[in-house]
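So the structure is just underneath, and the comments pick up after that.
The numbers here are math on the coordinates, done by the rules we state, and not lab data. Computed from a prediction, not measured in an experiment: that's the story for all the values here. Quick reminder, even Gly has a Cβ in these numbers, built from the backbone with ideal geometry, and neighbours come from all protein chains shown.
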Amino acid sequence: MKKTVSPFIFLFLASLVSFGQILKPTTWSFETKTGEVKVGETVSLEFNAKIDKNWYLYSSDFDPDLGPIVTEVKFEPNDSYELVGGLTPIHPKKKYDDIWEGDVTYFKEKGQFIQKVKILKPEAKIGGSISFQTCTEVDGRCVNGKEKFTFNVKAVAASVVVPEPEEKKTETLSTAVEDEKEAANEVMATLETEDTETAEVVLEQGTEPVITDQPAGVPSEEADSSMFTFLLGAFGVGFASIFMPCIFPIMPITVSFFTKQKNGKVKAIFYGFCILLIFSLMGLVTMSLGPTFLNFLSTHWIPNLIFFIIFILFGISLLGAFEIVLPHAAVNKIDAMSDKGGFIGIFFMALTLVLVSFSCTVPLVGSLLILSAKGDVWRPFLGMLAFGLPFALVFGGLAFFPEYLKKLPKSGGWLNELKAVFGLAEFALALKFLSNIDLTRHWDLIHRNYFLMFWILISAMITLYILGFLRLPKDAKIEKRSFSRWGFATLFFAFTLYMVPGLSNKPLSLLSGILPPMPVSNVATPLKHPKMKQLPHGLQGFKEYEDALAYSAEIGKPVLIDFTGYACANCRKMEEFVWPKPEVLTRLQDDFVIASLYVDDKAALPEEKHYVSTYDDELKTTIGEKNMDLEITEFNNNAQPYYVVVDSEGNKLMEPLGYSSEEEFVKFLDEGKGKY
């Protein structure tokens, strides 16, 4: 029994040791393999990496915007040398990474990079730093590192070489590729030898690496649930769109066309596929614009204002004030091409259906694409795929069974009522975009209760409209209220009643992330520190990280960093459903100094606090940019919510935590307090 248990005890103790130390899976050596150097000659600087087993080092020659941190060398310029070409990795491996959805290059066990420089003085001092990222294949952890280097190259005395003028540099750069190829061949020939003559090299330790134990890009259960809800909603909106008046004229055309076709079932399947393809291509175009563009759409005040106006216009359109239509000439031309028959004709019939349907579905399609910008870059494509699926099923089914058309309800006043309900809902959704601007700009004009009152009013109006107590000019008078009408009215009335308790600051789980943040306590509790601010549930915290660290040192409590965002749905859920729990709230009040750092705060930093990030070399000018940069550079994460416990010097005490349950959060807080 002892022989069986003891290995496990050893592994357990070894695991404790491994988690309790700073990992450094990559070590560097810096050298040159050039013999006698003369002033004016070009030498190769070698950056050699030794990589631990089961770890890999990202190379420098793939898209830096893909996700992983590429290896990058920054030189401190002086007049003793001049760079020739760029940094060249020597034979890295290449693979397609499912997490980052793109090709990455990397090294295992050992790696090498070459930088060529031209020596301009007898005593050339070449210094700088190399930044890199190493990840393990075992559990997905990644370590970011940065090390300084200095090459002291002694050249044979000669006349000082004057740096080439700009017009001659083009010629030098044009030969850089050939030079780099020669250098690569030379390096591979001597890669295994260690006793060749080397120049004097000084290696200095740089900043400590940053550790994370969660693979980047791994979706959480909450994200999966959110995506499923989004796709289900897109499908529902697509299904409802089929009942719009502009869709009905296409139905008899579809039946007539496929009644005359041979191999009708095969062509019907192709017809449904074409409808689905055209809708999804619209989302693909949006997706191709990339995450940066979509992030801009979701956070910047300009697109949020545009979306607010668009939703208002969509709402007015659906209420019957005007119609949004495509040019008739374009639609007629495409429709004429559908007369050619065959599979090409079927494709153009599908295209005609989609374009004509835009006469009354473009408000819904536009709304769907705008809302999809709130998630990852695949949402526009998948959202439009889900939106188009009901069209493909219904019209593909009509192509299969033309006689089913006779069983559909006739177009009439009920369709106008459906559009009106959608129009009122558009007004409610529009307020969310205006609220985003209000939050990030700190105007504090759209209070949570104002938001709720507007939504309650809209929901009550829809209830009265469905029951016939409110009518539009083109609506017919309701003589008899059917069972279905009472059913829909009951649903909206129940939703109206559901929102009412929110006016007294009760949490509303269905609207978490949509509503503005829960207001701070109305009780005028004196602030414990002049730089603190009021937080939800009577809590107090700092908005500046440095202030929280200083206060932590003063009172002897650890700092809980709350990386959050105004437009972060899960952040609001944590604040509304986890923070107020007695077990959590007591710990937050008594055991921690809270630093609530908003990554989308657009407030400007004082000019003297502007700085250039070591992560992306970009100038940081707002509070949100500074907080996001802190989360990335210090904790290797860029998602919210993200909770980190640190001591008064900013040292991480344990592994951070993201969106979590009450039990997980309590355990996290207790462990953080214990480690402190």
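At-a-glance table
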quantity	calculated
Cross-link table Lys581/Lys667; Lys543/Lys667; Lys543/Lys602; Lys53/Lys652; Lys74/Lys94; Lys506/Lys673, entries beyond 18 Å C-alpha to C-alpha	Lys543/Lys667; Lys53/Lys652; Lys74/Lys94; Lys506/Lys673
Alpha carbon centroid spacing (whole Å) that separates the range 437-469 from the range 587-649	32 Å
Stretch gain in nm, segment Val612-Leu464, where the contour uses 0.36 nm per residue and the Cα spacing is subtracted	47.6 nm
Cα→Cβ-extended label distance, 7 Å offset, between Glu649 and Ile555, nm	2.3 nm
Nearest-0.05 FRET efficiency for Ile269 and Thr229, computed from C-beta distance (R0 25 Å)	0.25
GluC sites (Glu not before Pro) within the range 54-105, DSSP loop, no more than 14 other Cβ atoms inside 10 Å	Glu101
Spin-label zone in the range 442-472 - amide nitrogen under 19 Å from a point set 7 Å from the Cα of Thr621 along the C-beta vector	442
Linear extension gain, Ile514 paired with Glu36, 0.36 nm per residue minus alpha-carbon span	165.2 nm
Calculated FRET value between Ile344 and Ser482, using beta carbons and R₀ = 30 Å, to 0.05	0.10
